[in-house]
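Enquirer: Provided herewith is a single structure, encoded as structure tokens, for subsequent inquiry.
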Amino acid sequence: MKLNGEKIAKYALMTVAFSALASLLLIAVFIFKEGLPFMLKVGVKDFLLASDWDPQAGKYGIYPMIIASLYVTFGAMLIGAPLGVAGAIFLNEFVPKQVMRVVKPTIELLAGIPSVVFGFLGVMVLAPFIRTHMGGPGLSVLAAAVILGIMVLPTVISISSDAIGAVPNSYREGALALGATRWQSVYMVTIKAARSGIIASIILAMGRALGETMAVIMVAGNTVKIPHSVTDPVRTLTANIALEMANATGMAREALFATGIVLFVVIMILNGIALSVIKTKVRKK
Amino acid sequence: MKISPKITQAVAVTLLGAATLLTVAVLVFIIIFVLGKGLPWVDWEFLFSAPKEMGRAGGIFPTLVGTVLLPLMAIAIALPLGVGTAVYLTEYTRETRFTRILRFGTDCLAGIPSILFGLFGFIFFVITLKMGWCLLSGGLTLAIMVLPTIIRTSEEAIRSVPNSYREVSFSLGATRWETVLKVVLPNALPGIVTGVMLGIGRSIGETAAVIFTAGSALRMPMSAFDSVRTMSVHFYILAREGISNEKAYATAAVLVISVLLVNLAAYSMMHRFIARRSR
Amino acid sequence: MFNVIKRVFMAGLAGGLVLAAGCGKGREGVTMAGSTAFQPFAEKLADQYMTTHPGVSITVQGGGSSMGIKSCLSGAAQIGMADLVKLPAEADALKSIVAAQDGIAIVLNPANAVSALTMDQVRDIFAGKISNWKVVGGADHSISVISREAGSGTRSSFEQVLGGIKLSGDALIQDSNGTIRETVANDPNAIGYLSHGLVNDKIKPVTVDGYSCTEKEIMAGSYKLVRPIFLMAKQDASPACKDFLDYILSPEAQELIHKEGLIKAK
Amino acid sequence: MTTRKPIKISVRELRVFQGKEEGLRGVNLAIPANQILGIIGPAGAGKTTFLRALNRLNDLSPDTHVEGETLLDGQDIYHPSFDVVALRKRVGMLFALPVALPMSIFENVVYGPRLSGVRNRKRLDEIVERSLKAAFLWDEVKDRLPMSGLRLSGGQQQRLCLARVLAMEELEVILLDEPCSGLDPISTAKIEEALTILKAKYTIILVTNNTKQAARVADDTAFFLNGEMVEYGPTGKIFTVPDDKRTNDYVTGKFG
């Protein structure tokens, strides 16, 4: 009887484990159903590599938006990942537990501030600053990257720091006992042991940056053009969808779903790369 | 010339400390900015009365209720699914092609932008399943959105439970399921709570996906099939449509404070829990 | 702790069931969805209407004009709202009325010395042919053109009145009246356009061909930048729905619309 | 040693593969009931692998595979119809490092009985008292049963673990995997004393690195080397006149 319960538990869990994959497939099916026919009609190459976006005039090229999404995401990671990981290390290794107990929740609180609020701050504070000190319209790649970089901090810090906190103390003590300085023990032992958690936090953060919509719409300027400097305005793939979806009809609407497909595929590729990085590193160990 | 480890340490710690300080400073600035702009307009009247004139006057009570109900529903759906998946992946299978596919799916789901969740939720729950804009459509959509976060964090937390605990439990005649319930999950709880907090945070802060699925009706929801407006959506509409910047900032301030309260509650609960077990 | 989680679960489930059971009976419901520009006005109208018709519950959603048409066609909403200058073909199956009209104001930052433009100048600025304020009598600085997104009712109306221009590729794009206003208010070199009911003292409307964007000039036909707001319903809409649409066209409701900053339908 | 006791566990040609390595290479052993069997041998001899095969804890490690026959009271414990969970309740195990679960002392002890469905508070109280007394821990902890087990000292924790095993009412066999390797002499003595009393009721198999410990408490002793059982016999004989030269070398300290 007991074993029966055990079997039920196992199969129930297995079913549950499909929930994420099933949701993903469901989403994929719906987005592809709406966007794929359009993509084939226009031609995948023309859609991806043309630089002219004017749905009213029947021009559907999203190349500048692909570039913009990549710039903005990597810019955000350039800011968010080092700051976040550094913060997680510092809070776990070089600060008394009581301080950590106050600071970490404060940072996690930030995850709950709506992206729209971040966007508004970007418009009110950051964009004018960039406009006066660096030129351009202020709404720019830089503004978007900075805002997104800040927005992903809670994700990076809280997950990295859980991973670092889970490294057994004996590892650190082992290194310290061999005469390593605190930093050497962190650098050589803790970071290595917590690596998978740290990378997981960065992947999650990257996903969030790439997928962020509202804040980006507000601070990126949304001009469909390949940027030549960090102060140029850009439009990301997500911004394109959200900007025009509300009022798009017919072909224009299908084009936005097709943009969704591209976003979907880019995320798949990024994930694939990230996962294989983790795998090769684990194997080398 | 070899640099002494002491100097490397000093430089590294200074850099790390500066980075942390910068992070904290930026975050604190944001909170102070929002509270400073919003709090002067917040009072009991604002919190507990119905909005008037599309939100230009009056309070935010229905959106307060919406902000509580919607994330609660999302977590109620996502938590069992997410923790169940994490338990399955860590306790019930070995690394196989199958689990790699599951994990890849989870990671991809994490990367899907909220706007796509919104569109999907709209087409699937609202239109195809004919549920309309409602608490349930929104809750389901948000549940799918926060699922990867909960799976990931739960998995990390479950993995960090020492294996010796499991062996002891098995050797005392526990089945796998009993071991999971009595030993693994209680010890993984802090990590799971972190995931839940992140999930709640994301649900509270979400705008795009909520507007498309839960709608934005400015009324008190009377059932799971009623449309709700969360504070984030309210802020978005107030600010973006230029209805009232004061009310918008006041809403944002209430939002920030409520997230703070949720976090504090969860943390104190967790600490009490940990303290009880190691007393 | 576990018990707490369990209890919260159970409470949530129970609450959900109770809520679900409680739904479906009671007041007659009408859902409106679509144009975010008209949403606030619709909410106001719904509130007014419900004070005199306690048996009816009207729910107002945003979503955008195309969402309004789509959800009206699919039945997710009984009334669709659209601020397009002309309804698309798919809306032909629906019965539509013009609920109000909306003027489109050309706005600048208050710090800008320019206060009057001609229609030709507006056209050239938005097409990118004029790119410095100096040309139209302002300071020697490049112009930041700010526009709504493609497909926006305001933008298509705007472009149509200007004679079908192609927007400058350098234009910044914002997706709501509120953000157009904020952006213009923040950038001394910006020019944008928005619903005239939303003009406030943070931005400065300019005259076009000597006419300012006021109800008087619009009604007289001298200020040309205007677009209608449509409400749609299925042919076999419920009596409550029809009654509400009739109410919107009533003098009382039109007066309310007028007071809030839009222009009466007729 | 003249009266032959009934055989409790009988092992024939037991082989355990861990991945590609063969951890046990065909062990044959008949273990009589109600006495202590000591298993000695150098590190990597397969002692722990053998122990974990007897309560099927090996099942939990991935790619482990078992061949041969292992009978408990004449029943094959690897037969598909054999209930593993019931097996582990009959065959308890004490690990090398004390692992108190992060819960109260009381809850630690009643972990097994609770799983078997014992709910009655009075009966649980009785079980806790009986088990802790049998593990010589009762006097030290009786006033602080609600305290977390993690706050006990290492020696106390190991006795708590022993009490936790003894609390299982179905218990017949106790497996001990170097239970005293990390403990002080006094705790070690207490555990050894407990074992000599407990053998009246249970069959005990004690893996130890400490040959002196085997000499002190074991009735029979088996010597393992490289995954094989080299020699098995009464403890006195193994330590004084072993048949095999390798056994002699080990017990006299020439290697290992």
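Enquirer: Filtering the range B:89-106 down to residues that are out of contact with any Lys or Arg (no Cβ under 8 Å at 6 or more places or on another chain) and crowded, with 19+ Cβ neighbours inside 10 Å, which residue is nearest to the other protein chains (Cβ to nearest Cβ)?
Expert: Here the residue is B:G105.
Enquirer: Also, quick follow-up: Among the residues of the range A:138-156, is there at least one that is buried (at least 20 other Cβ atoms within 10 Å of the Cβ), of a type in the set (S, T, N, Q) and either closer than 13 Å to A:E93 by Cα or touching a helix residue (DSSP H, G or I) at 6+ places or on another chain (Cβ under 8 Å) (or both)?
Expert: yes
Enquirer: Ok, one more. Out of everything in the range C:55-84 that is of a type in the set (S, T, N, Q) and either outside any helix (DSSP H, G or I) or in contact with a Gly (Cβ under 8 Å, 6 or more places away or on another chain) (or both), what residue ends up being farthest from C:V98 (Cα to Cα)?
Expert: So the residue we want is C:S57.
Enquirer: Additional query: Given the residues A:I66, A:I62, which is the only one that is surrounded by fewer than 22 Cβ atoms within 10 Å (Cβ to Cβ), under 22 Å from the mean Cα position of the chain (by Cα) and more than 9 Å from every other protein chain (Cβ to nearest Cβ)?
Expert: Exactly one residue qualifies, and that residue is A:I66.
Enquirer: How about the range A:127-143: which of its residues are of a type outside the set (V, I, T), more than 14 Å from A:M218 (Cβ to Cβ) and within 12 Å of chain C (Cβ to nearest Cβ)?
Expert: Correct list: A:F129, A:R131, A:G135, A:G136.
Enquirer: Give the residue, chosen from A:I157, A:I147, that is closer than 30 Å to C:K202 by Cβ and within 11 Å of chain B (Cβ to nearest Cβ).
Expert: A:I147
Enquirer: Now for a different question. More than 9 Å from chain A (Cβ to nearest Cβ), among the aliphatic types (A, V, I, L, M) and crowded, with 19+ Cβ neighbours inside 10 Å: which single residue out of B:A76, B:A50, B:A86 fits that description?
Expert: B:A76
Enquirer: Restricting attention to the range C:254-264, does a residue exist that is at pLDDT 90 or above and buried (at least 18 other Cβ atoms within 10 Å of the Cβ)?
Expert: Yes; the residues of the range C:254-264 include at least one that is at pLDDT 90 or above and buried (at least 18 other Cβ atoms within 10 Å of the Cβ).
Enquirer: While we're here: So A:W53 fits all but one of (1) in contact with a helix residue (DSSP H, G or I) (Cβ under 6 Å, 6 or more places away or on another chain); (2) away from chain B (no Cβ under 14 Å); (3) surrounded by 15 or more Cβ atoms within 10 Å (Cβ to Cβ); what number is the exception?
Expert: Every listed condition holds for A:W53 apart from (1).
Enquirer: If you don't mind, there's one more thing I want to ask. Kindly evaluate D:D73 against the criterion of being under 30 Å from D:G117 (Cα atoms) and free of Cβ contacts under 8 Å to residues at least 40 places away in the same chain.
Expert: Taking the combined requirement at face value, the residue does not satisfy it.
Enquirer: Hey, which of the helices (runs of 4 or more DSSP H) in the range B:1-97, taking only ones fully inside, have at least 3 residues that are in contact with a Gly (Cβ under 8 Å, 6 or more places away or on another chain) and of a type outside the set (F, W, Y)?
Expert: B:5-38, B:61-87
Enquirer: Another question about this same structure. Show me the helices (runs of 4 or more DSSP H) entirely contained within the range A:181-237 in which 3 or more residues are within 18 Å of A:A127 (Cα to Cα) and either more than 9 Å from chain B (Cβ to nearest Cβ) or in contact with a helix residue (DSSP H, G or I) (Cβ under 6 Å, 6 or more places away or on another chain) (or both).
Expert: A:214-220
Enquirer: Another one. Given the criteria under 15 Å from B:T213 (Cβ atoms), at pLDDT below 90 and either more than 9 Å from every other protein chain (Cβ to nearest Cβ) or over 17 Å from the mean Cα position of the chain (by Cα) (or both), does B:L129 qualify?
Expert: Yes: the conditions hold for B:L129.
Enquirer: Scan the range B:187-198 residue by residue and report those that are modelled with pLDDT of 85 or more and more than 7 Å from every other protein chain (Cβ to nearest Cβ).
Expert: Within the range B:187-198, B:A188, B:I192, B:V193, B:V196 meet the criteria.
Enquirer: Another question, then. Which helices (runs of 4 or more DSSP H) sit wholly inside the range B:201-279 and have at least 1 residues that are aromatic (F, W, Y), modelled with pLDDT of 85 or more and over 16 Å from C:T36 (Cα atoms)?
Expert: In the range B:201-279, B:245-278 are the helices (runs of 4 or more DSSP H) which contain 1 or more residues that are aromatic (F, W, Y), modelled with pLDDT of 85 or more and over 16 Å from C:T36 (Cα atoms).
Enquirer: Determine, yes or no, whether B:G111 is within 14 Å of chain A (Cβ to nearest Cβ) and at pLDDT 90 or above.
Expert: Judged against the criteria, B:G111 is not a match.
Enquirer: Still on this structure: Among (1) surrounded by 15 or more Cβ atoms within 10 Å (Cβ to Cβ); (2) part of a helix (DSSP H, G or I); (3) at pLDDT 85 or above; (4) not aliphatic (A, V, I, L, M), there is one condition C:G16 misses while meeting the rest; what is its number?
Expert: Among (1) surrounded by 15 or more Cβ atoms within 10 Å (Cβ to Cβ); (2) part of a helix (DSSP H, G or I); (3) at pLDDT 85 or above; (4) not aliphatic (A, V, I, L, M), the lone unmet condition for C:G16 is (3).
Enquirer: Right, another one. Across the range D:10-48, what is the number of residues that are farther than 20 Å from D:Q213 by Cβ, β-branched (V, I, T) and surrounded by fewer than 22 Cβ atoms within 10 Å (Cβ to Cβ)?
Expert: Within the range D:10-48, residues that are farther than 20 Å from D:Q213 by Cβ, β-branched (V, I, T) and surrounded by fewer than 22 Cβ atoms within 10 Å (Cβ to Cβ) number 1.
Enquirer: With respect to the numbered conditions (1) touching a Ser or Thr at 6+ places or on another chain (Cβ under 7 Å); (2) modelled with pLDDT of 90 or more; (3) in a helix (DSSP H, G or I), which one is the sole condition not fulfilled by D:N58?
Expert: (2)
Enquirer: Another one. Could you go through the range A:163-175 and let me know if any residue there is in contact (Cβ under 8 Å) with a residue 12 or more places away in the chain and closer than 30 Å to C:A185 by Cβ.
Expert: The answer is no, given that none of the residues of the range A:163-175 is in contact (Cβ under 8 Å) with a residue 12 or more places away in the chain and closer than 30 Å to C:A185 by Cβ.
Enquirer: Something else: In this structure, does C:G64 turn out to be at the interface with another protein chain (Cβ under 8 Å from one of its Cβ atoms), within 12 Å of the chain's Cα centre (by Cα) and surrounded by 24 or more Cβ atoms within 10 Å (Cβ to Cβ)?
Expert: Considered against the rule, which asks whether it is at the interface with another protein chain (Cβ under 8 Å from one of its Cβ atoms), within 12 Å of the chain's Cα centre (by Cα) and surrounded by 24 or more Cβ atoms within 10 Å (Cβ to Cβ), C:G64 comes out as yes.
Enquirer: While we're on this one: Among the residues of the range D:76-100, which ones are buried (at least 18 other Cβ atoms within 10 Å of the Cβ), touching a Phe, Trp or Tyr at 6+ places or on another chain (Cβ under 8 Å) and either more than 9 Å from chain B (Cβ to nearest Cβ) or at pLDDT below 90 (or both)?
Expert: Across the range D:76-100, the qualifying residue is only D:V99.
Enquirer: Have a look at D:L183, D:L195 and point out the one that is at pLDDT below 90 and farther than 17 Å from B:E167 by Cβ.
Expert: D:L183
Enquirer: If I ask for residues that are at the interface with chain C (Cβ under 9 Å from one of its Cβ atoms) and in a helix (DSSP H, G or I), which ones from the range A:241-255 would you list?
Expert: A:A242, A:L243, A:E244, A:M245, A:G250, A:A252, A:R253
Enquirer: Looking at the range D:120-133, is at least one residue within 12 Å of chain B (Cβ to nearest Cβ), over 29 Å from D:L71 (Cβ atoms) and surrounded by fewer than 24 Cβ atoms within 10 Å (Cβ to Cβ)?
Expert: No: zero hits.
Enquirer: Tally up the residues in the range D:153-182 that are at negative phi, outside any helix (DSSP H, G or I) and out of contact with any Pro (no Cβ under 8 Å at 6 or more places or on another chain), please.
Expert: Residues that pass the stated criteria total 12.
Enquirer: What's the total number of residues in the range D:193-215 that are assigned to a helix (DSSP H, G or I), under 17 Å from D:I39 (Cα atoms) and in contact with a strand residue (DSSP E or B) (Cβ under 9 Å, 6 or more places away or on another chain)?
Expert: Adding up the residues that qualify gives 6.
Enquirer: Quick one: how many residues across the range C:160-187 are closer than 22 Å to C:Q121 by Cβ, in contact with a Leu (Cβ under 8 Å, 6 or more places away or on another chain) and within 11 Å of chain B (Cβ to nearest Cβ)?
Expert: Counting residues in the range C:160-187 that are closer than 22 Å to C:Q121 by Cβ, in contact with a Leu (Cβ under 8 Å, 6 or more places away or on another chain) and within 11 Å of chain B (Cβ to nearest Cβ) gives 2.
The values are calculated or read from the model by the stated rules, or taken from the named source; none is laboratory data. If you're wondering where the values come from, they're calculated on a predicted model, not measured in any experiment. All Cβ positions, glycine included, derive from the backbone under ideal geometry; neighbour counts span all protein chains shown.
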